[in-house]
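**Q** Encoded as structure tokens, here's the structure I'll be asking about.
Bear in mind that the values in this text are calculations on the coordinates, not laboratory data. Only a predicted model underlies this, so the values are computations on that prediction, with no experimental measurement involved. Don't worry about glycine lacking a Cβ; one is built from the backbone with ideal geometry, like all the others, and counts go over all protein chains shown.
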Amino acid sequence: MANDNKISKFRFALIDDTSHQHIFVIRFTRTSFLATTISGAIAILLLIFLLIAFTPIRTFIPGYPDSRSKRAAIQNAVKVDSLENVIFRWELYTTNLKRVLTGEEGVQLDSIIETISQTSVQELDQAHLRKQDSLLRQHVTEEEQFGIASHKSRKLPIEGVLFFTPVKGVVVRGFDAYSHPFLDIAAAEGTVVKAALDGTVIHAGWDKETGYAIYIQHEGDIITAYKNNSSITTKEGSRVKAGAPIAVVGASNEESTGSHLHFELWHNGENVDPTQYLNF
């Protein structure tokens, strides 16, 4: 029984082969060997963790993003966001171009944001595309009817074009390419509005947003728009001369804040600032 209760002990020794002297000796039991092995493994794992967590060695791990990769990812995210804004503004420009050619008010950024907050983007896009498709078809039909397609083939520079001032008054709200791409010109009610250039009337009518409005297509891919009139004196398809009376200043739309002319100038499909070419 006494021999069974004895703990087995082991010895690890390095012996000189020539002199047979012990150089290094370690004595251990099974329990001490197991505890030492586990402790050593834990210490090694802890050392590896510290090296990876607090030294640049972690950048050599496959798939681990370094500072350069992070900066590149941030820069790419910024570029993508900028491109999305550019695409959005181009879509807004295309929408405004189609609307101005069909006699409607241009879409404003504020109104888009408000609309999106009230309805889903998908529903808005589907309804908008259906409406714009029908408006574009209408515009193509009008071009064929009035025979004005030939004007678009003549790309003339707007610089040097002599415009006739449509109405003398005070510019109460100036031009901004994104938020207000037109002029509001205050004038006495009953003041005659005149055509800025020779051209063909492609729209003449009334709606609650623009009141009595007129759009005229000119040579050189130029379009002028005259809105918020109390009455109009021309009709669609008519050829007008520069300085010819086409409308009377008033306040005919439901959102008007007073007697003024809403004037727009388009060239090559883009809104341009009328004050760069006309004196009011």
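**Q** What are the ³J(HN,Hα) couplings of the stretch 72-77, residue after residue, when phi is run through the Karplus curve with 6.51, -1.76, 1.60 and θ = phi - 60°? Round to Hz, x for glycine and proline.
**A** Couplings: 4, 5, 5, 4, 5, 4 Hz.
**Q** Please list, ordered by chain and number, the residues whose modelled amide H lies under 5 Å from the amide H of Ser230; skip anything fewer than 5 residues away on the same chain.
**A** When sequence neighbours closer than 5 places are left aside, the close amide H contacts are Val248, Val249, Gly250, Ala251.
**Q** Measuring from a point 7 Å past the Cα of Glu209 along Cα-to-C-beta, which residues in the stretch 260-277 have an amide N at less than 11 Å?
**A** Within reach of a label on Glu209: no residues.
**Q** Let me ask something additional. Limiting things to C-alpha atoms, what are the Rg and the maximum Cα-Cα separation (Dmax) for the stretch 9-57, in angstroms?
**A** 17.2, 50
**Q** Amide H of Asp198 versus every other amide H placed in the peptide plane: which residues, excluding those fewer than 5 positions away on the same chain, fall under 5 Å?
**A** Ala242
**Q** Which trypsin sites (Lys or Arg not before Pro) does the stretch 183-280 hold that lie in a coil by DSSP with at most 13 other beta carbons within 10 Å?
**A** Values: sites: Lys194, Lys208, Lys227, Lys235, Arg239, Lys241; in loops: Lys208, Lys235, Lys241.
Within the stretch 183-280, the qualifying trypsin sites (Lys or Arg not before Pro) (loop, at most 13 other Cβ atoms within 10 Å) are Lys208, Lys235, Lys241.
**Q** Here's something else I'd like to know. Taking H placed 1.01 Å from N in the peptide plane, check which residues at least 5 places from Phe182 or on another chain put their amide H under 5 Å from its amide H.
**A** So Phe182 has HN proximity to Asp176.
**Q** Thinking of the stretch 200-280 as a set of Cα atoms, what percent of all their pairs are more than 22 Å apart?
**A** The answer is 23 percent, as a whole percent.
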